[in-house]
Amino acid sequence: MVAMTKIYVRLLQAVLLAVAVSATPAFAQTFKMPCLVEATIPAMEDVKIKPEKVVIEIQSLGKNIFLKMNGPEPYLLIANSLATEEFTGKNLTTAKEMGAFRKHKVTGAESEIRIDQATVVVTAYHDTTYMGKKVRMNITGPCSVPR
């Protein structure tokens, strides 16, 4: 009788563990890549912004891709393929590059990040306000793949 009770307890523990593991949400791992980038504003006679070190964060979850450039202003932008109530998104990934595009449905502000797979150079743009004007800022620079 005691042996049967122990078997049922072990079985119950195993079932509860399986339920707990299957109930936890799946999280996408974040791949981080350091880059040295420089921005220009073509509409303002190619004004150049001081180069900065940034980190590109890359996540993939299901069919969606999430790219985030983390750095000081104005080198902070997000692009992803996820469509929401506020944004439209598009996965721009091809055999030669990885990328994503995002557009705000109300304001029309766009952002895009692309990473060339052969050269590991990032090119990006985003619509922002600079010195009181709404402008498109182009960003480019080399990245290094962490080892």
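The values are calculated or read from the model by the stated rules, or taken from the named source; none is laboratory data. Because the structure is predicted, anything quoted here is derived from the model rather than measured. Every residue, glycine among them, receives a Cβ derived from its backbone with ideal geometry; neighbour counts consider all protein chains shown. These accessible areas exclude ligands, DNA and RNA; they are computed on the full protein's heavy atoms, side chains included. Shrake-Rupley method; radii C 1.70, N 1.55, O 1.52, S 1.80 Å.
Listed here are the residues, each with its yes/no results for (1) assigned to a helix (DSSP H, G or I); (2) under 30 Å from LYS105 (Cα atoms); (3) within 14 Å of the chain's Cα centre (by Cα); (4) at pLDDT below 90.
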position	(1), (2), (3), (4)
ALA3	yes, no, no, yes
LEU12	yes, no, no, yes
ALA18	yes, no, no, yes
ALA26	no, yes, no, yes
GLU38	no, yes, no, no
LYS53	no, no, no, no
GLU57	no, yes, yes, no
GLU73	no, yes, no, yes
ALA79	no, yes, yes, no
Only one of these is more than 22 Å from VAL135 (Cα to Cα), acidic (Asp, Glu) and out of contact with any Pro (no Cβ under 6 Å at 6 or more places or on another chain): GLU86, GLU97. Name it.
GLU97
Regarding the range 103-115, can at least one residue be identified that is among the hydroxyl-bearing types (Ser, Thr, Tyr), under 15 Å from the mean Cα position of the chain (by Cα) and open to solvent by 30 Å² or more (accessible area, probe 1.4 Å)?
no
Filter the range 132-147 down to the residues that are under 19 Å from SER111 (Cβ atoms) and either of a type in the set (Asp, Glu) or open to solvent by 60 Å² or more (accessible area, probe 1.4 Å) (or both) and list them by number.
LYS133, LYS134, ARG136, THR140
Looking at the range 78-101 only, could you name the residues that are surrounded by 14 or more Cβ atoms within 10 Å (Cβ to Cβ), touching a His at 6+ places or on another chain (Cβ under 9 Å) and over 14 Å from ILE56 (Cα atoms)?
PHE87, THR88
Taking only pairs six or more apart or across chains, which ones have beta-carbon atoms under 8 Å, a first residue in the range 95-108 that is more than 9 Å from LEU67 (Cβ to Cβ) and of a type in the set (A, V, I, L, M, F, W, C), and a second residue that is open to solvent by 50 Å² or more (accessible area, probe 1.4 Å) and part of a strand (DSSP E or B)?
PHE101/LYS90
